[in-house]
Amino acid sequence: MSTASTPKAPAYRTIFRDGLWDNNVAMGQMLGLCPLLAVTTSATNGLGMGMATLAVLMLTNTLVSLIRGIVTPQVRIPVFIVLIASVVTLVDMAINAWMHELYKVLGLFIALIVTNCAIFGRVEAFASKQPVLPAMADALAMGIGFTWVLVAIGAMREVLGSGTLFAHASLLLGDHFTWLEVTVIPDFSGILLSILPPGAFMALGFLIAIKRLIDRGIKARQERAALAGLVTQ
C-alpha cells in the first residue's frame with residue numbers, strides 16, 4: 001500500500017486553463033507530435049484522432065486515480081503501461097466496430113496512442129496523485145486541448161490543400177456530422193505543400209508562434225495593470 005501523501009488538487013479553473021492553453025499537450029508540452037503531424041491532413045482526421053485520444057485519457061486517468069492507493073511505487077510504471085495498452089485496445093476495437101471508415105484512415109496511429117507520451121505523462125504526473133474528479137477534469141482538459149490543436153492544424157492544411165473543411169465528415173464520423181462539411185474555396189486546385197509532411201510542421205509552428213504572441217501580450221497587459229496599481233497607491 002502506497003503511503004505517499006496526496007498533493008492538494010489545483011482548482012478546476014487552473015486545470016482547464018492549463019489543459020486548453022497554458023500547458024497544452026501539443027503547444028506547451030510538445031508531446032504527442034507523431035500523430036499530430038501524421039494524421040492532420042484534414043480537420044476530420046484531426047477530430048477523429050482527438051476524440052480517440054480524449055477517450056483514452058479519460059479512461060486511463062480515471063482508472064489510475066481509482067487504483068493509486070493499491071499500486072506501489074516500485075511497480076507503478078509497468079502497471080500504468082499495461083492499463084494504457086488495455087484501454088487503447090478497447091478504443092481501437094470500438095472505432096473499428098462503429099467508425100470503420102475512420103478506422104481505415106487513422107489505421108496504426110490509433111494503436112500507437114499507447115506510446116503517446118501525453119497519456120503516460122498525465123497518468124504519472126497527475127492522475128496517480130489526485131482523487132477521481134480532479135483526474136477526470138485534467139483528462140478532459142488535456143484531451144480537449146489536444147483535440148482543438150489537431151483540428152486547427154488539420155483545418156489549415158485542408159483549406160490550403162483542397163479548399164474544403166471537414167470533408168467526408170459524414171462518411172468517417174457518421175451521418176450526424178454532415179453539417180460540418182463545408183466548401184471554403186470552390187474549384188480550388190490546392191497547394192500541395194500543405195498536405196505534405198512539411199505542411200504539418202509549418203502549421204504547428206504557426207500555431208505556436210500565435211500562442212506565444214498572445215501570451216506575451218497578456219503578460220505585458222498584466223504588468224501594465226500591476227504598475228498602474230502601484231502608481232495609484
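Taking Cβ atoms as reference points and 14 Å as the exclusive limit, the residues near residue 168 contribute a net charge of -3, counting Lys and Arg as +1 and Asp and Glu as -1. Bridgeable lysines around residue 219 (alpha carbons under 21 Å apart, same-chain partners fewer than 8 residues away excluded): 211. Could you give the Stokes-Einstein D for the range 3-232 in µm² per second, using the C-alpha Kirkwood radius, 10 °C, 1.306 mPa s? Result for D is 84 µm²/s.
Entry note, the chain: relative contact order of 30 percent, from Cα contacts under 8 Å with a spacing of 6+ residues. In the assembled protein chains, residue 176 presents an accessible area of approximately 130 Å² (probe radius 1.4 Å). Placing dummy labels 7 Å off each Cα toward the beta-carbon, the span from residue 112 to residue 98 is 2.5 nm. Beyond 12 Å, the tail of the calculated P(r) for the range 185-233 holds 74 percent of the Cα pairs. List the lysines whose alpha-carbon lies under 24 Å from that of residue 129, not counting same-chain residues fewer than 8 positions away? Straight-distance partners of residue 129: 8. Helices that extend 20 Å or more along their long axis by alpha-carbon positions and average at least 1.6 on the Kyte-Doolittle scale are, among the DSSP H runs of the chain, 76-98. Leaving ligands, DNA and RNA out of it, report the carbon-plus-sulfur percent of the accessible area of the chain at a 1.4 Å probe. Heavy-atom surface of the chain belonging to carbon and sulfur, 1.4 Å probe: 70 percent.
The values are calculated or read from the model by the stated rules, or taken from the named source; none is laboratory data. Nothing here was measured: the structure is a model prediction, and the numbers come from that model. Cβ coordinates were reconstructed from backbone atoms using ideal geometry, including for glycine residues, and neighbour counts include every protein chain displayed. Areas reflect the complete protein model, heavy atoms only, side chains present, ligands, DNA and RNA absent. Shrake-Rupley method; radii C 1.70, N 1.55, O 1.52, S 1.80 Å.
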